Amino acid sequence: MKTLGELTLQAHSGSIPEFLEFISGWAKEAGYGGQRIREMEFAVAEALTNIVEFVCTEGEEVTIRVGDDKGRRFVIHISDYGKSYNMLLEADPFLSGSDPSEKRPSVSRIKRIGDVEYKRFEGKNYLVVTVYPASMGGSTSSA
């Protein structure tokens, strides 16, 4: 991935608007239109809310890096040093093994905008979203 920009802020709800502005600016620079940018904002807000509520409960930092891959697709790379937490699995009580009545993260918006991957490596969570252009639809996968 060719990195276009990177932003690191404290993991709290007050940081979300600044992250969204960062994403919007780079998505516009990459040629995405208003509707698709709004979809990206909703998806990133969903992921960041999950991180603040479930992962970085001690105020750790979150880094968002944006770029494009060799296929010229927009890539959003979110990382943190919070507790190990795969929100893609935890959102489904059948996959996570948790009580269906427990509060779980929402991932419906982030899964609609492109391919989504989660990895845990050397004490760090990585959520990577490769955004499809609006004309490509929104199938998803997770690793």
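Details
- Filtered residues of the stretch 1-51 (kept if at pLDDT 95 or above, farther than 20 Å from G82 by Cα and in a strand (DSSP E or B)): G5
- Residue in the stretch 54-68 that is part of a strand (DSSP E or B), open to solvent by 80 Å² or more (accessible area, probe 1.4 Å) and modelled with pLDDT of 75 or more present: yes
- For the stretch 81-137, filtered to residues that are in contact with a helix residue (DSSP H, G or I) (Cβ under 8 Å, 6 or more places away or on another chain), modelled with pLDDT under 85 and of a type in the set (S, T, N, Q), the residue that is farthest from L48 (Cα to Cα) is S98.
The values are calculated or read from the model by the stated rules, or taken from the named source; none is laboratory data. A quick note: this is a predicted structure, and the numbers were derived from the prediction, not measured. So basically every Cβ, Gly included, is an ideal-geometry build from the backbone, and we count neighbours across all protein chains shown. Heads up: the accessible areas ignore ligands, DNA and RNA and are worked out on the full protein's heavy atoms, side chains in. Shrake-Rupley method; radii C 1.70, N 1.55, O 1.52, S 1.80 Å.
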